[in-house]
1. Based on the Cβ-Cβ distance from D481 to E293, what FRET efficiency comes out when R0 is 51 Å, to the nearest 0.05?
2. Using only Cα atoms, find the angle between the long axis of helix 448-461 and the longest principal axis of the chain, and express it within 0 to 90 degrees, rounded to the nearest 10.
3. I need to check one value: relative contact order of the stretch 2-189, counting alpha carbon pairs closer than 8 Å and at least 6 residues apart, in percent.
4. I'd like to know which of T11, G31, T162 lies farthest towards the positive end of the charge dipole of the chain, counting +1 on Cβ of Lys and Arg and -1 on Cβ of Asp and Glu.
5. Which links in K10/K246; K62/K134; K35/K160 stretch past 30 Å when you go from one Cα to the other?
6. Seen from all sides and averaged, what is the projected area of the convex hull of the Cα atoms in the chain, in nm²?
7. Which value, in Å³ per residue, describes the convex hull spanned by the Cα atoms of the stretch 165-308?
8. With viscosity set to 0.890 mPa s and temperature to 25 °C, compute the Stokes-Einstein D of the stretch 396-519, Rh being the Kirkwood radius across alpha carbon pairs; µm²/s, no decimals.
Amino acid sequence: MNALISVSDKTGVVDFARELHALGIKLLSTGGTAKLLADQGLPVTEVAALTGFPEMLDGRVKTLHPKVHGGLLARRDLPEHMAALAAHGIDTIDLLVVNLYPFETTVAKAGCTLEDAIENIDIGGPAMVRSAAKNWKDVGVLTDSSQYVVVLAELKAGGKLTDATKFALSVAAFNRISQYDGAISDYLSRIQEDGSHALFPAQSNGRFIKLQDLRYGENPHQQAAFYRDLYPAPGSLVTAKQLQGKELSYNNIADADAAWECVKSFDEPACVIVKHANPCGVAVGDDALQAYEKAFKTDPTSAFGGIIAFNRTVDVPEALQISKQFVEVLMAPGYTPEALELFKAKANVRVLQIDLPEDFGKAGNSDWDNGRNAVDVKRVGSGLLMQTADNHELTLADLKVVSKAQPTTQQLQDLLFAWKVAKYVKSNAIVFCSGGMTMGVGAGQMSRLDSARIASIKAQHASLSLQGTAVASDAFFPFRDGLDVVVDAGATSVIQPGGSMRDPEVIAAADERGIVMVFSGVRHFRH
């Protein structure tokens, strides 16, 4: 049996080659890999010696040769193939170990030039991988060091690889080539005539890996699956570990993402309760328990069967309170053993742990930039909408007070809190807040007036007074009527983007009603 090894990432390759040699497998290799193996005392034949043709063009041409690809592509079950090998003095290659030039990591570096990128486009590696993967019944192809252990175990146990393993390796190999080519296409498609890089590539190549098939989609008659990015960001939902509970559904995952993205935007202990993709209760507190109790008060009815997310470790006090209600999914960066023991009594509750990035809470990292999507996408009929993600963070310095009444320090805090929540509420969004908690949420209505009325109605049902509250509107008030509704409900300060042709009319209405109005200068539509 012959094994050809040519790797850019040499992690574990020496030990792997040593084990292959011990099994009586002949080692073939190229360039730096061959030198590494030889330096470790392993008998290795360089590909140049095999082909009788030296490496040339700075290593660009070394494995593109019939003695390599013939050995990989020949079908052992076809006598004419084997006769052709014999006639030309070509040996079979039964095991191919290749990982590719580091194109993805190269272009990810600051200051990467087009020349750097081009030189890290592998040619011979993908060609060999494709040949071996096509001929999977006769050749095992390894494209990642994580495969070494399984392959060695099978070779030691039976002297050869099973068809199931060879096919799985072939699929993984074609997937890797697809990912690699997609990365190259994405990078090169962004380069414009003047050498600058466009924000969006001329061709977009999605690279996602399936995590699991789901029982069904948004509705039982739909099928669904859950995928993650090829390189998932830390602190994102796809990195979650499920500690207990039933299998996650399509809707669970969608709602959990909405809750997690919202809760991780807060520095202080926070709790977010989501129902049907909208926050129905959001609060911050001195600790996770206080945050939960405040969030739950906003809308206890909608919280039934909701998704709960914390940005702090869940302990016994929180577990005891949560256990009193029906919860579909619970998320937190951690749980005490005692809290997990309590949740065992609620066996169906899906308990997820999502590890926080190490720099969470440190100055400059409170918005978890490393865990956010840079781009959002949405399917339309036979097409795709793509946009930069809405990662804008508002600060006090960004606010423009447009009313005669000036905000107090508490009002400014409430307005910023309300604005942060409104960003995660479906448009049209109206959010009443006070003292670090939502008091009423109106979401997803065709009219901003209706959203305001619904938020007020929900507060009444929860027996919450809206007197003195701050209100956030995700887009401007086109007329004063929306402002009058929230002021009639009790609001004394409002934050909105501004930018309407009728801004003077709305500002005049705010002054007439004696309330504070500030402009954010930013809209937060969420459809």
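Every number here is computed from the coordinates shown, using simple stated rules; none is lab data. Please read all numbers here as calculations on a predicted model, not as lab measurements. We place every Cβ from the backbone using ideal geometry, glycine too, and count neighbours over all the protein chains shown.
1. Once the sixth-power term is evaluated, E becomes 0.90.
2. Relative to the chain, helix 448-461 is tipped by roughly 80 degrees.
3. Relative contact order here is 21 percent.
4. T162
5. Beyond 30 Å between Cα atoms: K10/K246.
6. 31.3 nm²
7. It is 175 Å³ per residue.
8. Estimated via Stokes-Einstein, D reaches 179 µm²/s.
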